[in-house]
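Note sheet for the following structure.
Read-outs throughout are calculated quantities, based only on the coordinates presented, and are distinct from any laboratory measurement. Predicted model, so just to flag it, every value in this text is computed and none were measured. Every residue, glycine as well, gets a Cβ built from its backbone with ideal geometry; the counts of neighbours run over all protein chains shown.
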Amino acid sequence: MDKNTAVIVPSYRESEKNIKALVLKIKNILPDSLTIIIDDSPKKEAHKIKSLLKNYKNVKIIFRFKKLGRGSAVMEGFKEAFKNKNIKYFFEIDSDLAHNPSQMPRFLNKIMTGKCDVVIGSRYIEGGKTINIVLSRIILSRIINLFLRFWLNIKLSDFTGGFRMYNRKSTEFLCKSKIRSNGFITLSETLFLLDKNGFRVTEVPITVSVKKEGKSNVDIKELFRSLFFVLSIRFNRFIN
C-alpha cells in the first residue's frame with residue numbers, strides 16, 4: 001500500500017523544524033510512500049530542507065523560489081506524482097503540523113472501500129475538532145464553510161481544510177482540468193469541479209491543531225480575493 005501512495009506537501013517559508021517533523025511522521029505511517037514537497041520559499045531559504053533528501057528515501061523537493069500559491073503547488077505535486085503509474089492514492093497535507101499524519105489510515109480505510117473517489121478531512125462532522133485555535137478564528141472558519149456549503153450547493157462540511165486524499169481517477173481529472181485559482185481557494189474550486197463532474201466525495205473526522213512555528217500564509221487580501229473568486233464560480237456556471 002505504501003508504495004502506491006503519494007503525499008503532496010505545499011510549503012511556503014515553513015520552519016525547517018516543522019518540515020522535518022512532518023516528513024518523519026509521514027514516514028512512520030507510510031514508510032515507502034512517495035513524498036513530494038513543493039516549496040515556494042525564497043532561494044536563500046531553500047537550503048534549509050535540502051537535507052531531507054539525504055535522510056529519507058522517496059522524498060522529492062521541488063523548489064519554485066517564489067510564492068505561486070498553495071493551489072498551484074498541490075497541482076504541480078499531483079502532476080509530478082501522477083507520472084508514476086504505480087501511484088494509486090494521492091494525499092495533500094499542510095506543512096505546518098496542523099494535520100497529524102497519524103490520521104491517514106482512516107482516509108485509506110474509507111477510500112479502499114471503493115465507495116468514494118475523494119476523502120476530505122473534516123473538523124466539522126461528528127468526531128472532528130480543533131485544538132489550540134482561538135475562538136474567533138473557529139467562528140470565522142465555520143461561517144465561511146457554511147456559506148460555501150450553501151453557495152456551492154454541495155453537502156459537505158469542510159471546504160477549506162487541506163488534509164485530503166484522492167484516488168487516481170479523480171487526480172487525473174484534476175490534472176487535466178483548467179484550474180482557475182492558485183491560492184487557498186483552490187481547495188473549494190476543486191471540490192466544486194469534482195462534485196459537478198460526478199465524483200464521489202466523502203468526509204472523515206480529523207483533529208486540527210494550531211501550528212507552533214512558522215508564519216501564517218493567508219493574509220486579508222487573499223481572503224477577499226478568495227471571496228470574490230468563489231462568488232464567480234457559480235455565476236460563470238450559470239452564464240455557461
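Once you've got the GNM for the chain with C-alpha springs shorter than 10 Å, pick whichever of VAL74, VAL204, VAL118 has the biggest mean-square fluctuation.
VAL204
So how far apart, in nm, are the two label points at LYS169 and PHE150 if each is 7 Å from Cα heading toward Cβ?
Output for this residue pair reads 3.4 nm.
For the chain, what does the helix formula give at 222 nm: sum of -39500 (n - 2.57) over DSSP H segments with n ≥ 4, over the residue count, nearest 500 deg cm²/dmol?
Using -39500 (n - 2.57) per qualifying helix, the result is -13000 deg cm²/dmol.
Take THR130, THR202 and order them by how many other Cβ atoms sit within 10 Å, fewest up front.
THR202, THR130
Using Cβ contacts closer than 10 Å as the measure, can you line up SER188, SER177, SER141 from fewest to most?
Going from sparsest to densest Cβ surroundings: SER177, SER141, SER188.
Any idea how far the Cα center of region 140-209 sits from the one of region 51-111, in Å?
17 Å
Rounded to the nearest 0.05, what FRET efficiency do LYS66 and LYS115 have when you use their Cβ-Cβ distance and R0 = 45 Å?
The computed FRET efficiency comes out at 0.65.
Along the Cα→Cβ direction, 7 angstrom out, place labels at SER136 and ASN28. What is the inter-label distance in nm?
About 3.4 nm, to one decimal.
What ranking do ILE139, ILE133 get, fewest neighbouring Cβ atoms within 10 angstrom at the top?
ILE139, ILE133
Could you tell me the calculated FRET efficiency between PHE229 and SER102, based on Cβ-Cβ distance and R0 = 22 angstrom, to the nearest 0.05?
0.10
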